[in-house]
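My structure is below; once you've seen it, I'll send some questions.
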Amino acid sequence: MLDSGVGGLSVLDDVRAALPAVDISYVADNAGFPYGTKTEMEVATRVCALLGRLTERLQPDLLVIACNTASTIALAHARAVLDVPVVGTVPAIKPAAEASRSRTIGVLGTQATVRQPYVARLSADHAADCRVLLHGSARLVELAEADLRGETVTAADVAPELAGLTGQADGDAIDTVVLACTHFPLLLPQLQAAAPGLGFVDGGAGIARRVASLLGSKAGEGEGRGRALFTRQDEQVDALAPALHRYGLTLA
Ligand code: DGL
């Protein structure tokens with residue numbers, strides 16, 4: 001599983017719950033963090049090269065791009081160049097449209113994700129009768145990383161980022177927000193406290209189902225091991241060790 005940082009742990013949580021025996025290598029490309037402020041070319045080149053090296057080194061049965069930014073930009077490229085199945089993480093616009101009563105939904109992702117044609121296509125295909133408001137936030141990504149390092153992140157910290165959605169024209173009609181960055185479900189308690197009236201959806205459970213279906217019986221053959229690899233070693237990685245442990249990962 002690959003993300004730019006710890007965001008993919010929100011996906012790992014669902015995959016682990018569905019598939020307790022599977023062995024998982026979680027790779028955080030912290031040397032390339034953050035992805036959301038990079039260009040499409042930078043993200044696509046970096047992610048495809050890294051997935052290629054990881055596939056050679058780890059010989060996985062399956063790759064999960066546990067990152068909306070990388071998936072909405074590079075999923076097609078990655079599938080074209082790799083010979084293992086690749087599961088992507090793309091904004092959960094379909095379930096959000098199914099849940100919305102007001103027919104106004106918000107999509108909160110990185111700046112790079114919310115400008116992708118992939119997101120416009122998901123909205124056209126699955127939320128054609130909804131108003132879909134978009135907001136990109138780099139700050140929430142930083143806050144999620146800080147939270148996992150054990151720093152205090154409060155509802156007051158996340159509220160201005162939600163206001164980037166709800167403060168737009170028609171934003172007060174939003175009843176459902178798509179957490180379109182895998183970092184953001186890590187801040188769900190703070191987001192819920194900042195906006196108790198909103199529903200939040202993410203794609204983690206759907207990805208777990210897809211992984212289970214692609215792995216088939218292989219999913220039962222592992223030993224439930226988890227290890228975390230980082231593309232750069234620094235003191236911030238050391239600070240993440242307790243959180244990684246809570247997710248069943250040991251630092252490799
Ligand atoms: N977790 C990532 C995502 O789902 C990206 C965060 C970042 O590196 O900007 O989009």
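The values are calculated or read from the model by the stated rules, or taken from the named source; none is laboratory data. Predicted, not measured: the structure shown is a model, and the values here were computed from it. Every residue, glycine as well, gets a Cβ built from its backbone with ideal geometry; the counts of neighbours run over all protein chains shown. To get the accessible areas, we keep the full protein, side chains included, count just its heavy atoms, and leave off ligands, DNA and RNA. Shrake-Rupley method; radii C 1.70, N 1.55, O 1.52, S 1.80 Å.
If Ala219 passes every condition in (1) open to solvent by less than 90 Å² (accessible area, probe 1.4 Å); (2) more than 15 Å from Ala18 (Cβ to Cβ) but one, which one does it miss?
(2)
Test each condition in (1) farther than 19 Å from Cys130 by Cβ; (2) of a type in the set (A, V, I, L, M, F, W, C); (3) buried (at least 16 other Cβ atoms within 10 Å of the Cβ) for Ala212 and report the one that comes out false.
Single failed check for Ala212: (3).
Can you tell me how many residues in region 7-27 are under 13 Å from Arg209 (Cα atoms), crowded, with 18+ Cβ neighbours inside 10 Å and touching a Lys or Arg at 6+ places or on another chain (Cβ under 8 Å)?
0
Only one residue in Leu162, Leu134 is at pLDDT 95 or above and within 16 Å of the ligand (Cβ to nearest atom). Which one? Outline the logic, then answer.
Details: Leu162 fails: within 16 Å of the ligand (Cβ to nearest atom).
Matching residue, one of Leu162, Leu134: Leu134.
While we're here: Taking Asn30, is it surrounded by fewer than 24 Cβ atoms within 10 Å (Cβ to Cβ), in contact with a Ser or Thr (Cβ under 7 Å, 6 or more places away or on another chain) and in contact (Cβ under 8 Å) with a residue 24 or more places away in the chain? Talk me through it step by step, then tell me what you get.
On the way: surrounded by fewer than 24 Cβ atoms within 10 Å (Cβ to Cβ): yes; in contact with a Ser or Thr (Cβ under 7 Å, 6 or more places away or on another chain): yes; in contact (Cβ under 8 Å) with a residue 24 or more places away in the chain: yes.
In short, yes.
In region 173-207, what residues are open to solvent by less than 20 Å² (accessible area, probe 1.4 Å) and more than 16 Å from the ligand (Cβ to nearest atom)?
If the condition is that a residue be open to solvent by less than 20 Å² (accessible area, probe 1.4 Å) and more than 16 Å from the ligand (Cβ to nearest atom), then Ile174, Thr176, Ala195 are the ones that fit.
Kindly establish whether Gly224 is surrounded by 16 or more Cβ atoms within 10 Å (Cβ to Cβ), at positive phi and away from the ligand (no atom under 16 Å from the Cβ). Steps first, please.
On the way: surrounded by 16 or more Cβ atoms within 10 Å (Cβ to Cβ): no; at positive phi: yes; away from the ligand (no atom under 16 Å from the Cβ): yes.
Criteria not met by Gly224.
Sort out which residues of region 82-112 are over 23 Å from Ala208 (Cα atoms), open to solvent by less than 30 Å² (accessible area, probe 1.4 Å) and near the ligand (Cβ under 10 Å from one of its atoms), and write them in order of number.
Within region 82-112, just Ala112 meets the criteria.
State all residues of region 113-167 that are of a type in the set (Ser, Thr, Tyr), open to solvent by 40 Å² or more (accessible area, probe 1.4 Å) and assigned to a loop (DSSP other than H, G, I, E, B); if no residue qualifies, say none. Spell out how you get there, then give the answer.
First, the residues of region 113-167 that are of a type in the set (Ser, Thr, Tyr): 113, 118, 123, 137, 152, 154, 166.
Going one step further and asking which of them are open to solvent by 40 Å² or more (accessible area, probe 1.4 Å), we end up with 118, 152, 154, 166.
The answer is Thr152, Thr154.
So which residues in region 17-46 are assigned to a helix (DSSP H, G or I) and more than 15 Å from the chain's Cα centre (by Cα)? Break it down stepwise before answering.
As a first pass, look at region 17-46 and keep what is assigned to a helix (DSSP H, G or I): 17-18, 40-46.
Ala17, Ala18, Glu40, Met41, Glu42, Ala44, Thr45, Arg46, listed by residue number.
Which of the residues that make up region 177-193 are in contact (Cβ under 8 Å) with a residue 60 or more places away in the chain, touching a strand residue (DSSP E or B) at 6+ places or on another chain (Cβ under 8 Å) and in a helix (DSSP H, G or I)?
Passing the criteria: Phe184, Pro185.
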